[in-house]
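Undergrad: Sharing a structure below in C-alpha cells format, with a few things to ask.
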Amino acid sequence: MSQMITRRTLLTTSVVTFALPVAAYANMTTITAQEANAGLQQGNLILIDVRTPQEWGQTGVAKGAWMLDMTHRDFGNWLMTAIQRNPDHQIAIICRTGSRTGRLMQVLQQNGITNILDVTEGMIGGPRGTGWIPSGLPTVPAQQAFDAMPKDLKAASDVVPAD
C-alpha cells in the first residue's frame with residue numbers, strides 16, 4: 001500500500017524541483033549541480049535546500065536556492081506551497097550529500113508527485129557526484145539566501161544562524 005502524500009506526510013521529507021526546458025528533463029529524476037545552477041541562472045528552476053539551519057550556516061547556500069528545513073514540523077506545508085505556487089517552474093531539491101533527497105524522492109514518487117528533480121550529488125558531494133561546493137558553483141551566506149526568499153516562505157527558515 002503506497003503512502004498517501006499530504007502536506008503533513010511531507011513534514012519528514014524534502015523536495016526540490018528543477019526546470020530547464022521541461023521537455024529535456026521530463027523523464028529524469030536526477031540532475032547534476034551544474035544543471036541545477038544553469039536552471040537557476042535561466043530562471044526556470046526553483047532549487048530548494050532541505051538541510052538544517054546549522055548546515056546552511058556552516059557551508060552557505062546555493063545562490064538562488066530557497067531554504068526549507070525538512071526537519072521542521074511545517075516542512076510539508078511549505079514544500080507543497082512552493083510546488084503549487086510555481087507551476088511554470090521545475091522544482092529541484094538538494095541536501096548535503098543526496099541521501100535525504102533520495103529518500104524524499106521515493107516518498108514523492110510513491111504518491112504520484114513525479115515532476116521533482118533531485119540534485120543527487122548534494123552540496124558537498126559524495127558517491128553520486130562532486131557536489132555544488134566542490135564544483136565551485138556560487139554560494140551565498142544563509143542570511144543573504146533568507147533575505148532573497150519569497151516573503152511567505154521565510155517562516156520556513158526562521159532559525160537562520162548568524163553568518
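The values are calculated or read from the model by the stated rules, or taken from the named source; none is laboratory data. What you are looking at is a predicted structure, and each value in this text was computed from that prediction instead of being measured. Glycine also receives a Cβ, built like all others from the backbone with ideal geometry; neighbour counts cover every protein chain displayed. For accessibility, only protein heavy atoms count, side chains too; no ligands or nucleic acids. Shrake-Rupley method; radii C 1.70, N 1.55, O 1.52, S 1.80 Å.
Undergrad: Could you pull out the residue among Asp158, Asp152, Asp147 that is charged (D, E, K, R), out of contact with any Lys or Arg (no Cβ under 8 Å at 6 or more places or on another chain), at pLDDT 90 or above and open to solvent by 30 Å² or more (accessible area, probe 1.4 Å)?
TA: Asp147
Undergrad: Also, I was wondering about something else. Residues to consider are Gly76, Gly131; find the one that is under 20 Å from Ala38 (Cβ atoms), under 15 Å from the mean Cα position of the chain (by Cα), open to solvent by less than 30 Å² (accessible area, probe 1.4 Å) and touching a residue at least 12 places away in the same chain (Cβ under 8 Å).
TA: Gly131
Undergrad: Being out of contact with any strand residue (DSSP E or B) (no Cβ under 7 Å at 6 or more places or on another chain) and within 23 Å of Asn44 (Cα to Cα) is the filter here, so list the residues in the stretch 97-128 that pass it.
TA: Within the stretch 97-128, Gln109, Gly112, Ile113, Thr114 meet the criteria.
Undergrad: If you check Ile94, Ile83, which single one turns out to be crowded, with 18+ Cβ neighbours inside 10 Å, of a type in the set (A, V, I, L, M) and modelled with pLDDT of 90 or more?
TA: It is Ile94.
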